[in-house]
Amino acid sequence: MQYCVSKMNEQLKPLGCSIDDRGFHCDFQPLKPGVWLDEKKASEIEKKVVEVEIEGVTIEKVPSESEGLPKLLERTAMYIVNGVKAFLEPSVRPSNKKVGALKILNISAHNPEPEVRLLRLSGVAFGSQEELESYFAWLREAAERDHRVIGQKLDLFSFHEEVGPGLVIYHPKGQVIREELIRMIREVNERLGYREVYTPHVYRSVLWKISGHYYLYRDKMVLANVEDEEYGLKPMNCPGHILIYKSRPRSYRDLPLKLSEFGTVYRWEKRGELYGLLRVRGFTQDDGHAFLREDQVKDEIKAILKEVMYVLGLFGFRGEGVKVYLSTRPEKYIGTEEMWDKATRALEEALKELGIPYEVREGEGAFYGPKIDVHFRDSLGRWWQCSTIQVDFALPERFALEYTDRDGSKKRPVMIHRAILGSVERFMAIILENFGGRLPTWLSPVQVRVITMVSKVRDYAARIVNLLKSEGIRVDIDDGDETVSRKIKRAYDEAVPYMIIVGMREAMQGTITVRGRRNLQVKDVNPELFVRLLKDEIAKRSIKQEALEKLVELQQHSSKGNQSF
RNA sequence: GCCGCGGUAGCUCAGCUUGGUAGAGCGCCGCCCUGGUAAGGCGGAGGUCCCGGGUUCAAAUCCCGGCCGCGGCUCCA
């Protein structure tokens with residue numbers, strides 16, 4: 001690639017190539033300002049790379065000449081390909097195998113240093129055209145599952161110019177999903193002993209000066225001057241919770257003190273970094289802070305970890321699809337080595353005692369304490385990090401937190417920050433993509449849709465709707481004068497998990513026809529039976545259509561001539 | 001913030017190269033059909049062509065600026 005490009009345009013000097021899980025990136029330095037490539041050129045390059053005969057060409061590794069090269073190339077290995085200098089990251093091994101298929105997906109600028117502007121070609125390469133095709137199929141699949149597309153199609157949320165970029169407006173159906181997620185975490189918090197609090201969105205900046213955010217993250221904070229005083233929107237919930245701790249003297253008997261909040265925070269991310277619900281400027285964390293004695297850290301971590309695994313498991317993220325990382329003391333840190341060792345050991349022991357496999361990331365901890373991050377893999381094979389458990393020595397210090405120990409001496413508590421979903425909006429985006437919009441019943445904004453076959457059964461349909469409503473099931477009705485197949489298509493398009501179809505036959509018998517996902521349908525169902533099974537499926541927060549499966553099973557045992565398509 | 005691309009009906013998009021009557025499909029509304037399982041038929045309404053400025057007799061179309069979005073880069077306590 002580097003060889004081909006430099007042959008095509010002498011003004012572009014190859015500067016390196018790296019590979020990650022999304023493909024390759026090749027960087028070039030334009031020798032004159034204004035030298036650039038467009039899409040037309042890119043497709044010429046694609047052709048040329050595939051055609052070029054490099055089989056048998058000697059690729060010679062030569063010692064990097066450090067002179068005259070930008071600093072960023074110091075670690076890059078240099079090769080000579082047919083007399084042209086090329087560079088590869090040390091992790092990328094050279095090969096003179098023929099490239100079967102190549103696609104340049106993006107031409108962009110790469111600024112490794114503020115002054116250096118490189119041309120970056122990003123794309124994918126495969127041994128054969130077929131592999132490239134299947135990659136495209138995957139890309140199309142991912143595009144169809146894009147949460148921004150689903151969010152609009154299912155009427156969940158929207159963004160508006162008048163509101164501002166990165167600020168989400170939730171529609172009724174989107175809010176149902178938010179509320180269900182929050183309700184689930186609320187139950188988790190209850191089990192863990194966290195008590196929910198509520199704190200304001202705006203604070204005098206002095207609070208952010210004490211916490212240190214004002215100095216470190218000022219450019220990401222929303223600040224406003226009102227009546228000659230500066231206020232700031234909260235970028236984090238912890239200072240608010242710390243003030244609750246500080247509102248009265250604390251004794252060792254008061255610990256652990258655990259506070260939780262679904263706190264909406266604002267972080268002014270740069271324009272280009274915003275991305276649907278995955279990266280926004282205002283979002284809600286399922287935040288929680290525990291104030292602990294050192295001897296309480298391990299148990300707390302264990303309890304949280306168990307719940308994290310439970311929550312991820314609810315969505316089918318488990319086993320090989322979950323990875324846990326323990327990040328240890330970085331070079332720059334606060335607190336004493338002894339504190340760090342104790343805390344890190346507590347995290348490690350917690351993981352070991354629970355039998356959770358984990359990987360240590362040496363020196364990757366935050367400056368204020370070690371942490372555990374949990375990653376999981378979605379149905380498209382992508383990895384995400386949402387849950388985090390962080391030990392913090394810094395904030396107790398900055399806010400001079402203390403408690404009176406058994407012997408009357410003043411001690412400093414340890415803080416744990418934890419979030420299971422992380423950001424509710426981000427988590428929502430991930431599960432929307434994971435399920436392709438077809439959410440489990442408990443999360444579905446509309447759980448059941450009643451569909452009429454003829455207008456004569458409207459009263460019967462209304463009775464069924466009322467029955468479900470009275471049982472707390474989210475139900476709506478489609479009783480317009482349209483064909484049944486049209487209504488069924490609409491329900492599928494809107495990702496409604498269950499349809500109840502009623503016609504003359506059902507109205508006469510006092511039964512319903514239940515249709516679920518994957519074209520599965522059961523006739524002659526007793527409405528009360530369905531309600532019971534459905535409530536059970538919802539209460540268990542199952543990701544499967546358990547009610548439907550049970551109906552199918554029951555039907556197979558009976559001799560009635562039911563059918564499933 | 002940087003590089004590239006884009007913004008036309010509620011949605012998806014065509015028209016823009018070459019300036020001169022604003023288009024399609026879906027959705028919506030109405031009528032017909034009273035339906036048995038993933039788009040029934042016919043008709044109708046619906047537009048500040050993102051905003052501001054410029055060029056021109058004339059701008060959705062060409063030029064400049066802004067806003068918003070998209071793909072990357074950088075960043076993500």
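The values are calculated or read from the model by the stated rules, or taken from the named source; none is laboratory data. Just so it is clear, the model here is predicted, and its values are computed rather than measured. Every residue, glycine among them, receives a Cβ derived from its backbone with ideal geometry; neighbour counts consider all protein chains shown. Accessible surface is based on the protein model in full, side chains and every heavy atom, while ligands, DNA and RNA are left aside. Shrake-Rupley method; radii C 1.70, N 1.55, O 1.52, S 1.80 Å.
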Here are some conditions: (1) under 13 Å from residue A:266 (Cα atoms); (2) within 25 Å of the chain's Cα centre (by Cα). Residue A:192 meets all but one. Which one does it not meet?
-> (1)
Give the residue that is nearest to residue A:264 (Cα to Cα), with candidates limited to residues of region A:148-177 that are of a type outside the set (A, V, I, L, M, F, W, C) and open to solvent by less than 30 Å² (accessible area, probe 1.4 Å).
-> A:166
Hey, does region A:401-410 have a residue that's within 15 Å of residue A:238 (Cβ to Cβ), assigned to a loop (DSSP other than H, G, I, E, B) and open to solvent by 40 Å² or more (accessible area, probe 1.4 Å)?
-> no
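Based on this model, can you work out whether residue A:180 counts as touching a helix residue (DSSP H, G or I) at 6+ places or on another chain (Cβ under 9 Å), touching a residue at least 24 places away in the same chain (Cβ under 8 Å) and within 30 Å of residue A:247 (Cα to Cα)?
Details: touching a helix residue (DSSP H, G or I) at 6+ places or on another chain (Cβ under 9 Å): yes; touching a residue at least 24 places away in the same chain (Cβ under 8 Å): yes; within 30 Å of residue A:247 (Cα to Cα): no.
Answer is no for this residue.
Which of the residues spanning region A:142-177 are without any contact (Cβ under 8 Å) to a residue 24 or more places away in the chain, in a strand (DSSP E or B) and hydrophobic (A, V, I, L, M, F, W, C)? Quick ask: steps written out before the conclusion?
We begin by selecting, within region A:142-177, every residue without any contact (Cβ under 8 Å) to a residue 24 or more places away in the chain; these are A:143, A:149, A:152, A:155, A:158-163, A:169-171, A:175.
Now restrict to residues that are in a strand (DSSP E or B): A:158, A:169-170.
Scanning region A:142-177 gives a single hit, A:169.
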Where in region A:246-353 are the strands (runs of 3 or more DSSP E), entirely inside, with at least 2 residues that are within 13 Å of RNA strand B (Cβ to nearest atom)?
-> A:257-266, A:282-292
Under the condition of being open to solvent by 70 Å² or more (accessible area, probe 1.4 Å) and farther than 14 Å from residue A:1 by Cβ, which residue from region A:78-105 is modelled with the highest pLDDT?
-> A:93
Residue identified as in the same structural domain as residue A:158 (by TED's automatic domain parsing) and either under 21 Å from residue A:540 (Cβ atoms) or without any contact (Cβ under 8 Å) to a residue 60 or more places away in the chain (or both) among A:453, A:428, A:504 | A:428
Going by the conditions given, is residue A:205 open to solvent by less than 30 Å² (accessible area, probe 1.4 Å), closer than 20 Å to residue A:234 by Cα, touching a Gly at 6+ places or on another chain (Cβ under 8 Å) and within 15 Å of RNA strand B (Cβ to nearest atom)?
-> yes
